[in-house]
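This report concerns only the one structure given below.
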């Protein structure tokens, strides 16, 4: 492996680590990640769990945080369910 290849790999790791640290630096995302570490849930279910903890956010805000965690590689879509209202996604942490 050349020095150039090594440099590119290190750059990739640095970018990925920055995305991860940025994603979990937000307290709401850390809570979402904690909730998703327990079981696969929909955004609606995550919203309900946060509400149970006294966290008042809109479902769209919760969905945004889930997507940020997904973009950072910390959360995956693990299941799709088709229904009358469209496709429901179930998320789980990547651990």
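Peptide packing: for 32-38, 71-77, the average count of neighbouring Cβ atoms within 10 Å per residue gives the ranking 32-38, 71-77, highest mean first. Take residue 18, project a point 7 Å from its Cα along the Cβ direction, then tell me which residues of the range 46-80 have their backbone nitrogen under 17 Å from it. Flagged as within label range: 71-73. Extension gain, residue 34 to residue 77, is 13.9 nm, computed as 0.36 nm per intervening residue step minus the present C-alpha separation.
Using Cα-Cα distances under 8 Å and only pairs 6 or more residues apart, what relative contact order does the range 22-64 have, in percent? So the answer I get is 32 percent.
None of the figures in this text is laboratory data; all of them are computed from the coordinates on show. Model, not experiment: these values are computed from the prediction. Cβ sites come from the backbone with ideal geometry, for glycine too, and all protein chains shown count toward neighbours.
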